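Have a look at the structure below, then the notes.
Readers should treat all values here as calculations from the given coordinates under stated rules, not as data from a laboratory. Quantities reported herein were computed from a predicted structural model and do not represent experimental measurements. Ideal geometry is used to build each Cβ from the backbone, glycine not excepted, and the neighbour counts take in all protein chains shown.
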Amino acid sequence: KSPFKNAAVLSDSYSSEASKLADIEWDNLGFGLLPTDYMYMMKCSQGGNFSKGELQRFGNIELNPSAGVLNYGQGLFEGLKAYRKEDGNILLFRPEENALRMRQGAERMCMPAPTVDQFVEAVKETVLANKRWVPPPGKGSLYIRPLLMGSGAVLGLAPAPEYTFLIYVSPVGNYFKEGVAPINLIVEHELHRATPGGTGGVKTIGNYAAVLKAQSAAKAKGYSDVLYLDCVHKKYLEEVSSCNIFVVKGDVISTPAIKGTILPGITRKSIIDVARSQGFQVEERFVPVDELLDADEVFCTGTAVVVSPVGSITYKGKRVSYGVDGFGAVAQQLYSVLTRLQMGLIDDKMDWTVEL
Ligand code: COI
């Protein structure tokens, strides 16, 4: 069945192109953009509603130099993944959660947003149109990147008069160059990612530009990424540039509470539920940086990173290491349950997956 609702010109090529796997080396996917076949576009004026969108060939887009997103950063993004099952069907993981988070972010950034149904339908159409790019089972996933941006022209500071919702996709493997090996973090105690009352709790594009300086400095020193502290007390853990953080001590797993400066990760929320279902006690609270000193394990979660074990954390020149090598037992257990669920290898009692 063609996924195209309104693009008759495209549907001819669909059946032949989409029915087979793309001819690429599937064994060594990293986290970089591989251009695929189609992207989804939908537009709306300020104060209006998004009407029907359409698939078009993946490629560059045209923007007025005065577009709100280019000049004033009026933009949001999302990230979710599709996995190919052994039977060839595709599974999405909690796409309605991304739709809801985009709507919350749009409210903060003064943008109209697609409805949950429009968002989920657009994701499904885009994935089906690019089906040949969904990696074979066990080789990775199709990363889905929805964008919402002020595409209309503004000069004085104001919400843009027009908005574009766009989805593109790329096959991906592991996020960190370490693969599934533990990553080494450094705690940043001068630069901050977010402030109370700011936009740290929504997935706006500027939050990610703001971490590049500290991240680049950390990478230049050989660290994998940066762990941020709160900007008021400079004492409580917040998150890593691209993922949330969890600290394990015995049977208790702690993670910073969502309080406006932390991105409410969908993997974070899912791991909390998985951990509780596995008998762990999970605490969402202020987690002082000192607790890193006597933690048994530390791990990160995110759509891109999935569950990533932390091998060491350096804070003010002092390095604390966790485990010997590989995953800690708790992170391994949670990773295994979550990914088997996402790939359709275990029963989805949570009703989190959507099959295409
Ligand atoms: C994701 O995990 O999907 C993210 O949005 C993080 C991004 C920096 C890759």
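Scanning segment 240-259 for residues that are more than 10 Å from the ligand (Cβ to nearest atom), more than 22 Å from Ala329 (Cα to Cα) and either free of Cβ contacts under 8 Å to residues at least 40 places away in the same chain or of a type outside the set (A, V, I, L, M) (or both) turns up Ala257, Lys259. For segment 199-234, the tally of residues that are hydrophobic (A, V, I, L, M, F, W, C), touching a Phe, Trp or Tyr at 6+ places or on another chain (Cβ under 7 Å) and not in a helix (DSSP H, G or I) stands at 1.
Is one or more of the residues making up segment 107-115 assigned to a helix (DSSP H, G or I), more than 17 Å from the chain's Cα centre (by Cα) and either of a type outside the set (Phe, Trp, Tyr) or closer than 23 Å to Gly260 by Cβ (or both)? Full working, then the answer.
We begin by selecting, within segment 107-115, every residue assigned to a helix (DSSP H, G or I); these are 107-108.
If we keep only those that are more than 17 Å from the chain's Cα centre (by Cα) as well, we get 107-108.
This time we only want the ones that are either of a type outside the set (Phe, Trp, Tyr) or closer than 23 Å to Gly260 by Cβ (or both), so: 107-108.
Yes, segment 107-115 contains at least one residue that is assigned to a helix (DSSP H, G or I), more than 17 Å from the chain's Cα centre (by Cα) and either of a type outside the set (Phe, Trp, Tyr) or closer than 23 Å to Gly260 by Cβ (or both).
Could you say whether any residue in segment 307-316 is over 19 Å from the mean Cα position of the chain (by Cα), on the phi > 0 side of the Ramachandran plot and not hydrophobic (A, V, I, L, M, F, W, C)?
The initial filter retains those residues of segment 307-316 that are over 19 Å from the mean Cα position of the chain (by Cα), namely 311-316.
Among the residues that remain, those that are also on the phi > 0 side of the Ramachandran plot are: 316.
Now narrow it down to the ones that are not hydrophobic (A, V, I, L, M, F, W, C): 316.
Yes: segment 307-316 contains one or more residues that are over 19 Å from the mean Cα position of the chain (by Cα), on the phi > 0 side of the Ramachandran plot and not hydrophobic (A, V, I, L, M, F, W, C).
Checking each residue in segment 308-325 for being in contact with a helix residue (DSSP H, G or I) (Cβ under 8 Å, 6 or more places away or on another chain) and surrounded by fewer than 20 Cβ atoms within 10 Å (Cβ to Cβ) picks out Tyr315, Val320.
Number of residues in segment 234-260 that are over 24 Å from Gly79 (Cβ atoms) and of a type in the set (Gly, Ala, Ser): the value is 2. Scan segment 59-71 and give yes if some residue there is in contact (Cβ under 8 Å) with a residue 12 or more places away in the chain and in a strand (DSSP E or B), otherwise no. Checking segment 59-71: at least one residue is in contact (Cβ under 8 Å) with a residue 12 or more places away in the chain and in a strand (DSSP E or B).
Within the option set Arg193, Arg145, being of a type in the set (Lys, Arg) and surrounded by 22 or more Cβ atoms within 10 Å (Cβ to Cβ) holds for one residue only, Arg193.
If I ask for residues that are of a type in the set (Gly, Ala, Ser) and surrounded by fewer than 22 Cβ atoms within 10 Å (Cβ to Cβ), which ones from segment 219-240 would you list?
Our first condition is that a residue be of a type in the set (Gly, Ala, Ser); within segment 219-240, this holds for 220, 222, 224.
If the condition is that a residue be of a type in the set (Gly, Ala, Ser) and surrounded by fewer than 22 Cβ atoms within 10 Å (Cβ to Cβ), then Ala220, Gly222 are the ones that fit.
Of the residues examined, Val305 is one that is within 13 Å of the ligand (Cβ to nearest atom) and crowded, with 19+ Cβ neighbours inside 10 Å. Among the residues of segment 346-356, write down those that are of a type in the set (A, V, I, L, M) and surrounded by 15 or more Cβ atoms within 10 Å (Cβ to Cβ). Selection gives Val354, Leu356. Just name the residue that is farthest from the ligand (Cβ to nearest atom) out of those in segment 260-279 that are of a type outside the set (S, T, N, Q) and free of Cβ contacts under 8 Å to residues at least 60 places away in the same chain. Looking at residues that are of a type outside the set (S, T, N, Q) and free of Cβ contacts under 8 Å to residues at least 60 places away in the same chain, I get Gly279.
The set of residues from segment 261-289 being farther than 26 Å from Tyr208 by Cα and not aromatic (Phe, Trp, Tyr) comprises Asp273, Val274, Ala275, Arg276, Ser277, Gln278, Gly279, Gln281, Val282, Glu283.
Going through Gly32, Gly138, Gly48 one at a time, which residue ends up being within 16 Å of the ligand (Cβ to nearest atom), surrounded by fewer than 20 Cβ atoms within 10 Å (Cβ to Cβ) and part of a loop (DSSP other than H, G, I, E, B)?
Numbers: Gly138 fails: within 16 Å of the ligand (Cβ to nearest atom); Gly48 fails: within 16 Å of the ligand (Cβ to nearest atom).
Being within 16 Å of the ligand (Cβ to nearest atom), surrounded by fewer than 20 Cβ atoms within 10 Å (Cβ to Cβ) and part of a loop (DSSP other than H, G, I, E, B) holds for just one of Gly32, Gly138, Gly48, which is Gly32.
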